[in-house]
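First the structure, which I've put down as structure tokens, then a few questions once you've had a look.
Read-outs: derived from the displayed coordinates by stated rules, not from any lab. Predicted model, so just to flag it, every value in this text is computed and none were measured. Using ideal geometry, Cβ is built from the backbone for each residue, glycine included, and neighbour counts are taken over all protein chains shown.
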Amino acid sequence: MASEGVRTPRARVLALSAALAVVVVLVQAAMWRLIGPPPPNGAGPLLLGVLALLFALAERFTVKFPVRRGAHTMSLSEIPLVLGLLMIHPALLVLVRLVGGLAGLTVLRGQRGSKLVFNTALYLTQASMAAAVFHVLGGTTDPYGPLGWAAAFAATFVADLVSIVLISAVIALHDDSQEWRRLLSADVKELLQMPLVAVSTTLALVTALLVRQQIWAGLLLGVLVFAAYRVFDRYAQQTRTHQQVEDLYRFTSSLDGLTDAREVARTVLDQARDVVRAEEAALIIPQDGRLVRMRLHGREQFDITPISDLPGAAPAAGGSGVEPGSDDSSPGSGPGAPGSGPGASAEPASRGSNADPVLAGSAARPGAADDWWQPARTGTPVLQPDSIAVPLRLGELTGVLYLVECMADTPEFTDDHLRLLQAMASHAGGALSEARLLERLRHTAAHDPLTGLPNRQSYLADLQQATDTAVAGGGTVGILLLDLDRFKDVNDGLGHDTGDDLLRQIGRRLHDRYGHLGTVSRFGGDEFALIIRDGGSAETIVALAEEVRRTVELPAPVRDLDLDVQVSIGVCVAPEHGADADLLLRRADLAMYAAKDTRCGVRVYRPEDDHDTARRLALMAGLRVAVDAGTLTVVYQPKVDPTTGRVLGAEALVRWQHDGRPVPPDEFIPLAEQARLIEPLTRHVLDTALADCATWRGLGHELSVAVNLSPDMLTDAALTGRVEQALHRHGLPAAALTLEITENALMADPANARRTLDALHGLGVKLSIDDFGTGHSSLGRLAHLPIHEVKIDKSFIRHIVTDRSRRAVTDAALQLARALDLTVVAEGVEEQDELDYLRRHGCHAIQGYLISKPIPPVEFLTWLTTTRAGGRLPV
């Protein structure tokens, strides 16, 4: 506890005062041995009393010159000091200085506590040092002769130099450990420029010479002394005015080139409290819908606290705390420090305790309301004896610049201070507005405007930094790239506003849950990305990715709806998968698309994901061109009744050739889904198939046509309307169209899929479950769906005659169909014995290469009209 006390400003100042007292004792002891004790018939009580009175009155007639955080208070104490040097013993001079200084400081200047202790110790040090110089230089010569005059001048200048050094020391101890160097340099320059010490010393010598001849001549000299005081007081006022102009110029210069708003604010506060001579400075800034206070107080303590929501600016809850009041142990104006001149004193700003504020947003003025500055927000300056506030224009907004607790050398704030602070606020408002604009531009360039999350550019910079750190320190970094599945359906079905709300909610959810682990970004569209710093093992990162997936897929309440969201996540681990940010992000992107292809939710990058990347990109670009140009072709594979041989219809299948070579549907259909081309592709196939079906029917072939639907299409609320319009456009009944859906498509989003199926069923379109047996749906679920047929996957038809397990699946499907009154279609029939088996067991329709391969529309029509005359196939 003792060591903590020594570190406080008050303790350091008191320690310096004690050291000065020791110096005084040592100097007086040396003088005692040099010149002996005071003579018995020396100065009488009257002379000692007059000198003590003059020392006391010197505290009333002072001239103050501002110096940084302190004021050098220069007085006419050189006159009684010189008289004492000439007329009384050094020990008596110190005693008289003690009595007169204490009387003047306590009665006329009202000083108490550590300030009084320090000023008293300084006065005694000055008197002792002046006496020592005077007697060493003057020796035994006549003190009233020229040598005595020179000794007197030397003594007063040494006393002044002592005051300068100790002023610098006390301000350094109380304010800033580096400040004394700057203060010492400034004080020496001021000393060389001001003749007050020389003039007052000269007046003292003249007084002493005249008083020896005629004691009443001192009254005439008193008039001259008062006139000199008025001249120097006027000079001090002009000096302060010029100093304020220089300070204002320095203030504006200090803001030049600053682009960081926080740095600008701190510079404004530091300069404002120095120039206007206040203990504390603060800015009230409107920011993000609330008021924020930036406050500089104590020993360069700078804090930023929100104080209220806008509008109203009432003090925030819990924000009415007050800092501890001051007493002698922590004086409100700080310890006094003498100024230049033997009787001068310096009064630096109070720092109080070095402890942090009691409460965030504590009151600016002890015992005062925290919103006293509110009128300044409406453009009305506030001027009070110990506080001042002015408006701060920030573009279309208005803030406040305020100061509280004027320094001890300034009795109260005046109109001059108000005008000076208004001028500073004008410059500060412009500088802050520019800095805030630059910060907004930098923020906009690095953040997504919808969610406020860092964008791709910012993400890549953070990723490279995190990767470099991990490589240097042997750590790992996790890279997670997220893409919402079927987000386009939300935009199309519910509107872009709903989609934006959903993205904002997911962004907040990710940031709140995982922002502390690294960086959460949005790249645009429905893509988000995470950086997991210090990710640990790859298994830990994958486990976290699974948790992220579950977090995203929680129901999202948006506009009275609970939206179900699915997400695919690609994972990379640095430095295992690379140390370059662009490479890592590209590999996470490949893993994410692999997760979409396999519908596994989370996928870690594998080297094979990188194979054929260039081909995939080329195919995707070519596919987009083909879809936009409508150059995809549609072929048809007939469906036949195995019992009668009658052609029932055909399945429409899309084909594509890229650079003259056919691309398998299993390759380009997933690409279409990834590139969000599946909707225009399906629309093209549907329109083409219905047009050809209308042609068949126009020629007398009452056939139906089947079109495959992608899982992504089932959540499209506009699908039913598009199908209805297409049927109407081609003049076909709804029963002429069968839409085929896979089991997995139904399981991906059962609720939305069911709504779409119900709407299509109500339209009259037939619905078919494709690739039955390969998915994960239950028979119980199928029983409640509005479907018309099931298609047994070709993998169960191959070798059905010899493979018991495949027969079991087929037989179960046939039994289920009979129970649910569904049509069963077997696809992939290529052998006669497979056809015979299916016919014997009551299969309703077959398709496969045994009947016909998929053929173009013209060939299909020829096959119908010539090869299979009458629309029947001999079986």
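Given the peptides 119-126, 757-764, arrange them by the average over their residues of other C-beta atoms within 10 Å, most packed first.
Descending mean neighbour count gives 119-126, 757-764.
What whole-number value in cubic angstrom gives the convex hull volume per residue for the C-alpha atoms of segment 434-537?
Convex hull volume per residue, Cα atoms: 110 Å³.
As an exercise, identify the GluC sites (Glu not before Pro) in segment 676-759 lying in DSSP coil whose Cβ has no more than 15 other Cβ atoms within 10 Å.
Glu702
Right, another one. Between segment 841-858 and segment 474-500, how many Å separate their Cα centres?
Measuring centre to centre over Cα atoms gives 41 Å.
Shifting gears a bit: For a quick check of your reading of the filter: which GluC sites (Glu not before Pro) in segment 382-485 sit in a DSSP loop and have no more than 16 other Cβ atoms within 10 Å?
Glu396, Glu412
Now for a separate question. Given contacts defined as C-alpha pairs under 8 Å and at least six residues apart, what's the relative contact order of segment 525-616, whole-number percent?
Rounded, it is 24 percent for segment 525-616.
Name the shape class, rounded, prolate or oblate, that the alpha-carbon gyration tensor gives for segment 653-752, where a ≥ b ≥ c are the square roots of its eigenvalues, rounded holds for a/c under 1.5, and otherwise prolate holds if a/b is larger than b/c and oblate otherwise.
Since a/c reaches 1.5 but b/c is at least a/b, the shape of segment 653-752 is classed as oblate.
How long is the gain from Glu724 to Ala461 if the chain were fully straight, where each residue apart is worth 0.36 nm and the alpha carbon distance is subtracted?
Going from the current span to full extension adds 89.7 nm.
Let me ask something additional. By average Cβ neighbour count within 10 Å, what is the ranking of 791-801, 573-583, 481-491 from highest down?
481-491, 791-801, 573-583
Students often get this wrong, so check it: of Lys488/Lys791; Lys639/Lys766; Lys596/Lys766; Lys488/Lys794, which have C-alpha atoms separated by over 23 Å?
Table pairs above 23 Å Cα-Cα are Lys488/Lys791; Lys596/Lys766; Lys488/Lys794.
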